[in-house]
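Take a look at the structure below.
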Amino acid sequence: MELYQLRSFAAVAELGHLTRAAEKLHISQPALSAQIKALEEELGVALFERTPSGMTLTAAGQRLLPEATKVVIAARALSSHAKAFAGEITGRVRVGTLADPQFLRLGDLLARALDRYPLVEIELHHEISGAAFAKVRDGEIDATFYYGNLTHPTVASLALGPVAYRVVAPAGWRERVENAGWDEIAALPWITTPPISTHSALANQMFEAHGVSPAKRIEADHEAVISSLVAAGVGVALMREDLALEAAAANELCLWNEARAETLLQFLYRHERADDPVVRALSDVVRDVWSLSDEQPEKRLVAA
């Protein structure tokens, strides 16, 4: 089999559609279809089910995709290493970002990376924290920012700093929550993120620690949406402390001062790619932007 066939397999699996995958790969749709057919014939299994709405992985395709992705990643790393030997770092890196680009110092990171490594292409993917971790672990993206403490032996990290969260409520509920206990707070509507997110996990840990559970949950997938719903009087929520204090000072909401949760902001990548020139270049820029000492080692996140 050929490497380009595996790249095509991965692209069609990602996009679920021949036309969009062909556009991404800059080849014609008939050529892409022929590549997939040739790969299926060589492997002796059907990789996709063709439907009117697109391409769906078969059970065999789902099992083989991670292996194909590993080969494509390894080939990309080999190419990067070879070009680094020639004195230039070039390649594409897929980076997961979270809700707040300013808090992540994303503008500064991109400006420095593009200035220092002009041949490196950076592709940004907005992610929910837990999903970002899983995508780095599974090789779907190359690196990501991440809030939380999930662990896996294949994932390494740079610790960027602690992140605190506070419980916030609509400004008009100030008297209602000021002297409330956990039972009263849990009885209010809670606005939370999807269960895979660190934000949701922090809220659940607080509830469990105090033996309560929210009477009603309203799910939103973006911190800005949560903030607007709290300000509109819909319910209470966890909010990053710096944003919560700023909004409280503007009387857009109020704080419930009986709880404060803390997690860690990290920059993650697969441990096996720590010496990949492109990943190494990006992690060096992260160190620079976040003023991390050169002595601070990359940490492998080993599951307990």
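The values are calculated or read from the model by the stated rules, or taken from the named source; none is laboratory data. Predicted model, so just to flag it, every value in this text is computed and none were measured. Cβ: placed from backbone, ideal geometry, glycine included. Neighbour counts: every protein chain shown. Accessible surface areas use protein heavy atoms only, side chains included; no ligands, DNA or RNA. Shrake-Rupley method; radii C 1.70, N 1.55, O 1.52, S 1.80 Å.
Touching a His at 6+ places or on another chain (Cβ under 7 Å), of a type outside the set (Phe, Trp, Tyr), crowded, with 17+ Cβ neighbours inside 10 Å and under 16 Å from Asp276 (Cα atoms), is that true of Ile141?
On the way: touching a His at 6+ places or on another chain (Cβ under 7 Å): yes; of a type outside the set (Phe, Trp, Tyr): yes; crowded, with 17+ Cβ neighbours inside 10 Å: yes; under 16 Å from Asp276 (Cα atoms): yes.
Answer is yes for this residue.
Being modelled with pLDDT under 95, more than 18 Å from the chain's Cα centre (by Cα), under 18 Å from Pro170 (Cβ atoms) and open to solvent by 20 Å² or more (accessible area, probe 1.4 Å): is that true of Ser228 here?
Taking the combined requirement at face value, the residue satisfies it.
So how many residues does segment 30-42 have that are surrounded by 15 or more Cβ atoms within 10 Å (Cβ to Cβ) and either in contact with a helix residue (DSSP H, G or I) (Cβ under 7 Å, 6 or more places away or on another chain) or on the phi > 0 side of the Ramachandran plot (or both)?
In the first step, residues of segment 30-42 are kept if they are surrounded by 15 or more Cβ atoms within 10 Å (Cβ to Cβ); the result is 32-33, 35-36, 39-40.
Pick out the ones that are also either in contact with a helix residue (DSSP H, G or I) (Cβ under 7 Å, 6 or more places away or on another chain) or on the phi > 0 side of the Ramachandran plot (or both) and you get 32-33, 35-36, 39.
Adding up the residues that qualify gives 5.
Just to be sure I understand, how many residues within segment 1-60 are in a helix (DSSP H, G or I) and of a type outside the set (A, V, I, L, M)?
Going through segment 1-60 one residue at a time, the tally reaches 18.
For segment 16-37, enumerate the residues that are closer than 18 Å to Thr56 by Cα, in contact with a Lys or Arg (Cβ under 9 Å, 6 or more places away or on another chain) and without any contact (Cβ under 8 Å) to a residue 24 or more places away in the chain.
Within segment 16-37, none qualify.
Among the residues of segment 258-275 satisfying the criterion of being more than 28 Å from Leu188 (Cβ to Cβ) and touching a Lys or Arg at 6+ places or on another chain (Cβ under 8 Å), which is surrounded by the fewest Cβ atoms within 10 Å (Cβ to Cβ)?
Per the criteria, the residue is Ala274.
For segment 168-188, check the following and say yes or no: at least one residue is in contact (Cβ under 8 Å) with a residue 40 or more places away in the chain, in a loop (DSSP other than H, G, I, E, B) and open to solvent by less than 20 Å² (accessible area, probe 1.4 Å).
Checked segment 168-188: at least one residue is in contact (Cβ under 8 Å) with a residue 40 or more places away in the chain, in a loop (DSSP other than H, G, I, E, B) and open to solvent by less than 20 Å² (accessible area, probe 1.4 Å).
Anything in segment 232-242 that is open to solvent by 10 Å² or more (accessible area, probe 1.4 Å) and touching a helix residue (DSSP H, G or I) at 6+ places or on another chain (Cβ under 7 Å)? List them, or say none.
Once the filter is applied, which keeps residues that are open to solvent by 10 Å² or more (accessible area, probe 1.4 Å) and touching a helix residue (DSSP H, G or I) at 6+ places or on another chain (Cβ under 7 Å), segment 232-242 yields Gly233, Met239.
Looking at segment 248-271, which of its residues are assigned to a helix (DSSP H, G or I) and in contact with a Ser or Thr (Cβ under 7 Å, 6 or more places away or on another chain)? Walk me through it before giving the result.
Within segment 248-271, the subset assigned to a helix (DSSP H, G or I) is 248-249, 271.
Passing the criteria: only His271.
Return the only residue of Leu282, Leu255 being within 26 Å of Trp173 (Cβ to Cβ) and crowded, with 18+ Cβ neighbours inside 10 Å.
Leu255
Considering only segment 114-125, state which residues are part of a strand (DSSP E or B) and surrounded by 13 or more Cβ atoms within 10 Å (Cβ to Cβ). Quick ask: steps written out before the conclusion?
To start, the set of residues in segment 114-125 that are part of a strand (DSSP E or B) comprises 120-125.
Those that are part of a strand (DSSP E or B) and surrounded by 13 or more Cβ atoms within 10 Å (Cβ to Cβ): Val120, Glu121, Ile122, Leu124, His125.
Considering (1) open to solvent by 20 Å² or more (accessible area, probe 1.4 Å); (2) touching a residue at least 12 places away in the same chain (Cβ under 8 Å), say which one Val12 fails and leave the rest.
(1)
If I ask for residues that are over 25 Å from Glu14 (Cβ atoms) and surrounded by 14 or more Cβ atoms within 10 Å (Cβ to Cβ), which ones from segment 100-113 would you list?
Matches in segment 100-113: Asp100, Phe103, Arg105, Asp108, Arg112.
In this structure, is Leu47 under 24 Å from Arg137 (Cβ atoms) and either among the hydrophobic types (A, V, I, L, M, F, W, C) or open to solvent by 40 Å² or more (accessible area, probe 1.4 Å) (or both)?
yes
Pairs only if they're at least six apart or on different chains, beta carbon under 6 angstrom, first in segment 230-256 and hydroxyl-bearing (Ser, Thr, Tyr), second part of a helix (DSSP H, G or I) and open to solvent by less than 10 Å² (accessible area, probe 1.4 Å); list them, first residue then second.
none
What number of residues within segment 144-162 are open to solvent by 50 Å² or more (accessible area, probe 1.4 Å) and in a loop (DSSP other than H, G, I, E, B)? Let's see the steps before the verdict.
Step one: filter segment 144-162 for residues open to solvent by 50 Å² or more (accessible area, probe 1.4 Å), giving 149-153, 162.
Remaining after also requiring in a loop (DSSP other than H, G, I, E, B): 149-153.
Selection size over segment 144-162: 5.
Can you find a residue in segment 202-209 that is touching a residue at least 12 places away in the same chain (Cβ under 8 Å), over 30 Å from Ser293 (Cα atoms) and within 22 Å of the chain's Cα centre (by Cα)?
Yes, segment 202-209 contains a residue that is touching a residue at least 12 places away in the same chain (Cβ under 8 Å), over 30 Å from Ser293 (Cα atoms) and within 22 Å of the chain's Cα centre (by Cα).
What number of residues in segment 197-225 are open to solvent by 60 Å² or more (accessible area, probe 1.4 Å) and closer than 17 Å to Glu262 by Cα?
Total satisfying the criteria: 4.
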